[in-house]
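A.B. asks: First the structure, then my questions, so here it is.
The values are calculated or read from the model by the stated rules, or taken from the named source; none is laboratory data. Just so you know, these numbers come straight off a predicted model, no measurement behind them. Positions of Cβ are generated from backbone atoms using ideal geometry, with glycine treated the same way; all protein chains shown enter the neighbour counts.
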Amino acid sequence: MTTAEPAAIALEDATVAFRLADSRVYTAVEKANLTVANGEFVAIVGPTGCGKSTLLNVAAGLLKPAAGHVRIFGEHLSGLNRDAGYLFQADALFPWKTAIDNVAIGLDISGAPRENARARAQAFLTSVGLGAFGNRYPHMLSGGQRKRVGLAQVLIRDPKILLMDEPFGPLDAQTRQIMGNLLLELWSADRKAVLFVTHDLEEAIALADRVVIMSAGPSARIIGDWKVPLKRPRDISEVRMEKEFHELHREIWSVLKDEVMKGYAQTSQIAEAV
Amino acid sequence: MSRLALLACQIGVAIVGLALWQVFATVEIFGKVLLPPFFFSTPLDVAAQVVKWFSTGTIWKHLIITLWESILAFVIGSTLGVLVGFWFARQPLIAAIFDPYVKMVNALPRVVLAPIFALWLGLGIWSKVALGVTLVFFIVFFNVYQGVKEVSTTVLDNGRMLGMNDRQLMRHVYWPSALSWMFSSLHTSVGFAVVGAVVGEYLGAAAGLGYLIQQAEGIFDVAGVFAGMFVLSVFVLIIDYGVTLVERRLLVWRPVASEGRG
């Protein structure tokens, strides 16, 4: 990758603030600088409530930063980020559409012929291992299966950037590993730029090329940036046994631990104040 | 309990109830009839009346009128409810301005409107339809309003990130959500359409089940009143069953646990 190529995502001194009900201003994220190169898998880790999701929403164009810039492939972002696919933390499937219609919707609305869209949706459902579940409604699927449908729904539009907000958060440990491996397998096919938010440091190291640490909020900042030296292709469960994994984990955790403690302290202070 | 045993018990309740009614209305107990037939009639007389209505065919005209009024009230009330519900939910300012008036009209017992409608629209079917509309409208309106307001923000954001424009969001997100709320109140709103029709007929009409009951009452024909009530309840049960069938087809996507909204 040459340095001349513009980064897929570049946040430049991005500050996000919300106006509270009593007209005070709450600064969620302060002067965040972050770049994700094309084809790079970056994970953001931070204590709960530090504004990781906020940063993702800024990159998606769902939130406008109060100050600073967002550039997508060098272009200043105004409005929604049309190059990005977003996998949400909460259930975001359309409950009134079957799995296959949920996957096909991205093509349907862009005016693709219906038969064509259905055929491609079937192919994507098969690629996430749900080929036989096309006519099920979301409530008939398990949490893991719904995440798979969500992944197919996002990937079928072939976005250049993938934004993921703790997508495997609500799943059990085994399902998370399976989903992690599935994600890496799909990603390795065409290496999109990925910004992956998680609170799980192990998951972050196992998946990403780079791990970024955020401080506890409010006014959260980016306080660390590590390259992950592990080789690809990786297997999520095996990579955890490697020596480099443990060294990196120890190194990052020594920084992250203090922030997690601060995060807890602040949360309990707020709870006391209320 | 098996389905058959349950059905047997349900029929048993009817038989015992009717038998007691028949006995108390015809047999003297301690020298006194507990349910004088003049006021309470007897199940056999009521049955005879129902059979006579159907064998002579006089009932069909009234049934069809009531059915027609109910259908019109339901269709017009729902359409208005969906449109206004959508409009208010998408335009908070309009909703805020009209809020006190909506609450006021909804608080009004709709029966008092019946004489006004009779004056304005005459004694034909339209005054009954209007009464039904005022009942159906508010149920559908409140449900659709709620349905549009409570669309999950995540689902909305997802739609936008998938590239939907405002029109597509309307069609793929707001509309199905609002409809699901409307259908979840289908039993109530269909029931109210029938109530509007029958009450309207009762208060002044030339045909319909309500008219039939009112006529019987006017000549102290208690058997006729009960027969009218019986036909009316069977009529409502059949319509309700039809609604259940429609609902099963339209709401397959919804988990069973969240049924019974509205």
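A.B. asks: Within the range A:70-91, work out how many residues are surrounded by fewer than 16 Cβ atoms within 10 Å (Cβ to Cβ) and either among the β-branched types (Val, Ile, Thr) or closer than 13 Å to A:Ala10 by Cα (or both).
C.D. replies: Number satisfying all stated conditions: 3.
A.B. asks: Go over the candidates A:Ala208, A:Ala104, A:Ala121, A:Ala112 one by one and state the one that is at pLDDT below 90 and either outside the structural domain of A:Gly51 (by TED's automatic domain parsing) or of a type in the set (Gly, Ala, Ser) (or both).
C.D. replies: Result of the check over A:Ala208, A:Ala104, A:Ala121, A:Ala112: A:Ala112.
A.B. asks: Regarding the range A:100-112, can at least one residue be identified that is in contact with a helix residue (DSSP H, G or I) (Cβ under 8 Å, 6 or more places away or on another chain), at the interface with chain B (Cβ under 10 Å from one of its Cβ atoms) and closer than 30 Å to A:Lys31 by Cβ?
C.D. replies: Scanning the range A:100-112 turns up no residue that is in contact with a helix residue (DSSP H, G or I) (Cβ under 8 Å, 6 or more places away or on another chain), at the interface with chain B (Cβ under 10 Å from one of its Cβ atoms) and closer than 30 Å to A:Lys31 by Cβ.
A.B. asks: If you don't mind, another one. For the range B:51-63, does any single residue satisfy the condition of being of a type in the set (A, V, I, L, M), surrounded by fewer than 14 Cβ atoms within 10 Å (Cβ to Cβ) and either in contact with an Asp or Glu (Cβ under 9 Å, 6 or more places away or on another chain) or over 30 Å from B:Ser184 (Cβ atoms) (or both)?
C.D. replies: Among the residues of the range B:51-63, at least one is of a type in the set (A, V, I, L, M), surrounded by fewer than 14 Cβ atoms within 10 Å (Cβ to Cβ) and either in contact with an Asp or Glu (Cβ under 9 Å, 6 or more places away or on another chain) or over 30 Å from B:Ser184 (Cβ atoms) (or both), which makes the answer yes.
A.B. asks: What tally of residues in the range B:151-186 results from selecting those that are surrounded by 17 or more Cβ atoms within 10 Å (Cβ to Cβ), assigned to a helix (DSSP H, G or I) and over 35 Å from the mean Cα position of the chain (by Cα)?
C.D. replies: Matching residues across the range B:151-186 total 5.
A.B. asks: Looking at (1) in contact (Cβ under 8 Å) with a residue 40 or more places away in the chain; (2) surrounded by fewer than 22 Cβ atoms within 10 Å (Cβ to Cβ), can you tell me which one A:Ile109 breaks?
C.D. replies: (1)
A.B. asks: Here is a further query. Could you please tell me which pairs satisfy a Cβ distance under 9 Å, a separation of 6+ or placement on different chains, a first residue in the range B:172-198 that is away from every other protein chain (no Cβ under 14 Å), and a second residue that is acidic (Asp, Glu) and surrounded by fewer than 21 Cβ atoms within 10 Å (Cβ to Cβ)?
C.D. replies: B:Leu186/B:Glu247; B:His187/B:Asp240; B:His187/B:Glu247; B:Val190/B:Asp240; B:Gly191/B:Asp240
A.B. asks: Another question, if that's okay. Go through B:Ala216, B:Ala197, B:Ala207, B:Ala227 for me and flag whichever is buried (at least 21 other Cβ atoms within 10 Å of the Cβ) and under 16 Å from B:Thr58 (Cβ atoms).
C.D. replies: B:Ala227
A.B. asks: Additional query: Scan the range A:188-232 residue by residue and report those that are under 20 Å from A:Met261 (Cα atoms) and free of Cβ contacts under 8 Å to residues at least 40 places away in the same chain.
C.D. replies: Answer for the range A:188-232, where residues must be under 20 Å from A:Met261 (Cα atoms) and free of Cβ contacts under 8 Å to residues at least 40 places away in the same chain: A:Ile223, A:Gly224, A:Asp225.
A.B. asks: Quick check on B:Gln146: is it polar (S, T, N, Q) and within 12 Å of chain A (Cβ to nearest Cβ)?
C.D. replies: So B:Gln146 fails the test.
A.B. asks: Further question: Could you check the range A:38-96 and list, in sequence order, the residues that are in contact (Cβ under 8 Å) with a residue 60 or more places away in the chain, away from every other protein chain (no Cβ under 14 Å) and hydroxyl-bearing (Ser, Thr, Tyr)?
C.D. replies: A:Thr48
A.B. asks: Could I ask something else about it? Restrict the check to the range A:149-166 and report whether at least one residue is out of contact with any Pro (no Cβ under 9 Å at 6 or more places or on another chain), part of a helix (DSSP H, G or I) and among the acidic types (Asp, Glu).
C.D. replies: no
Residue by residue, here is whether (1) in a helix (DSSP H, G or I); (2) over 20 Å from the mean Cα position of the chain (by Cα); (3) more than 24 Å from A:Gly180 (Cα to Cα) holds:
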| site | (1), (2), (3) |
| --- | --- |
| A:Ile223 | no, no, yes |
| A:Pro229 | no, yes, no |
| A:Glu244 | yes, yes, no |
| A:Glu251 | yes, yes, no |
| A:Ser254 | yes, yes, yes |
| A:Gln266 | yes, yes, yes |
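A.B. asks: Restricting attention to the range A:167-185, does a residue exist that is closer than 17 Å to B:Asn158 by Cα and within 13 Å of another protein chain (Cβ to nearest Cβ)?
C.D. replies: Among the residues of the range A:167-185, at least one is closer than 17 Å to B:Asn158 by Cα and within 13 Å of another protein chain (Cβ to nearest Cβ), which makes the answer yes.
A.B. asks: Shifting gears a bit: Does B:Ala206 fit the bill of being touching a residue at least 60 places away in the same chain (Cβ under 8 Å) and touching an Asp or Glu at 6+ places or on another chain (Cβ under 8 Å)?
C.D. replies: no
A.B. asks: Another one. Would you tally the residues in the range A:105-137 being outside any loop (DSSP other than H, G, I, E, B) and either in contact with a Gly (Cβ under 7 Å, 6 or more places away or on another chain) or within 15 Å of B:Val173 (Cα to Cα) (or both)?
C.D. replies: Number of matching residues: 5.
A.B. asks: Among helices (runs of 4 or more DSSP H) lying entirely in the range B:24-96, which contain 3 or more residues that are among the β-branched types (Val, Ile, Thr) and under 30 Å from B:Leu169 (Cβ atoms)?
C.D. replies: B:58-90
A.B. asks: Limited to the range A:167-196, what total is found for residues that are part of a strand (DSSP E or B) and among the aromatic types (Phe, Trp, Tyr)?
C.D. replies: Final tally of qualifying residues: 1.
A.B. asks: I would also like to ask the following. Quick check on the range A:130-148: of everything there that is more than 12 Å from chain B (Cβ to nearest Cβ) and among the aliphatic types (A, V, I, L, M), which residue is surrounded by the most Cβ atoms within 10 Å (Cβ to Cβ)?
C.D. replies: Among those that are more than 12 Å from chain B (Cβ to nearest Cβ) and among the aliphatic types (A, V, I, L, M), it is A:Leu130.
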